[in-house]
Amino acid sequence: MCNLLTSYPPSPLQPLQTPLLEEKGIRLLIKRDNLLQLDNKAVFCGNKWRKLKYNLLKATELSQNKLLTFGGAYSNHLAAVAQAGQLFDFQTIGIVRGEAHFPLNPTLRFCVDCGMELHYISRTEYHKKQESNFIFQLQQQFGDFYLLPEGGTNDLAMKGCREIVIEIEQQMDSLPDYIAVACGTGGTLAGIAAELNGRSQAIGFSVLKGMTNEVTPPTGGVASFITLQNDYHFGGYAKFTPELIRFINDFKTNHDLALDPIYTGKLFLVFLI
Ligand SMILES: *Cc1c(COP(=O)(O)O)cnc(C)c1O
């Protein structure tokens, strides 16, 4: 079933035209990874698809039918794993940071509707999520599982994100001067930079406050080709301003493209002001 992931066509590259870009002589193309989706209510799409692709194939190869992962109560990664589990027949367990609140928020509601089993742990416990003792305890509790880290960022996720660059290079017959992405954990940026390997610049726009130290260091010494912009988070993760919301609405009207207020809205706004 996961084979669908390997045979899926590349997402399109779509040009964007605005007076400002024209005036500055900039050619801007949007890699429409949101169109990597298996239904139109997809949460399992975009970079979540890229990051989960090789992990799902690996879990299948290992005959592991249970996925376990971590996230906050508004984590899109949790929701993407839940939906991937539903689409590809994996049992899914979500370890959620903090206490349970009812009714569930829309993200966690979606997870449960996809069949994900949710377990809540305290913030203190959550900090231990990478310790082997803690993972061992989880195995005692839930049996054997395929572990996906918070945000889904691991080596196989990077492999999936490298394909963004491979596709762009094929589609353009060359590489652009810059590739820009919004960053949460920085895994997508790291994968892109690893594949670029210094041939173009990768720019990450952090949507978190002060994330500098959290970006996954890319392998192969390409760090100097990465720029991380830390002044465009609009107050922090999931924080927004009236200006940002107005921009997203105008962008939808002018370009018929829906940006989200957490990631792509902030990325496009900083580019186009
Ligand atoms: C999840 C998400 C990100 C964050 O990706 P990281 O690899 O964690 O940096 C960025 N943009 C969009 C649209 C996302 O859904």
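Just so it is clear, none of the values below were taken in a lab; they were calculated from the coordinates. Remember, it's a predicted structure, so these values are computed and weren't measured experimentally. All Cβ positions, even for glycine, are placed from backbone atoms using ideal geometry, and neighbour counts span all protein chains on display.
When the Cα gyration tensor is reduced to axis lengths a ≥ b ≥ c, the ratio a/c is 1.5 or higher for segment 1-114, and with a/b not above b/c it is classed as oblate. Once you've got the Cα coordinates, tell me which of K209/K266; K31/K53; K31/K159; K41/K239 are over 20 Å apart. As for pairs spanning more than 20 Å Cα to Cα, those are K41/K239. Remark: the D144-R27 segment gains 37.2 nm on full extension, using 0.36 nm per residue and subtracting the alpha carbon distance. Mean separation of Cα pairs under 8 Å and 6 or more residues apart, divided by the residue count, gives segment 54-211 a relative contact order of 22 percent. Residue by residue, segment 89-94 carries 3J(HN,Hα) couplings of 6, 10, 6, 10, 10, x Hz when phi is fed to the Karplus relation 6.51 cos²θ - 1.76 cosθ + 1.60 (θ = phi - 60°); x denotes Gly or Pro.
Normalising the average separation of contacting C-alpha pairs (under 8 angstrom, six or more residues apart) by the number of residues puts the relative contact order of the chain at 13 percent.
Assuming a ≥ b ≥ c are the square roots of the Cα gyration tensor eigenvalues, decide whether segment 56-192 counts as rounded (a/c under 1.5), prolate (otherwise, with a/b larger than b/c) or oblate. Prolate shape, in that a/c is at least 1.5 and a/b is the bigger ratio. Projecting the Cα atoms of A59, N230, P19 onto the charge dipole of the chain (Cβ charges, centred on the Cα centre) puts N230 farthest toward the positive pole.
Each Lys and Arg contributes +1 and each Asp and Glu -1, all at the Cβ; summed about the Cα centre of the chain, the dipole is approximately 260 debye.
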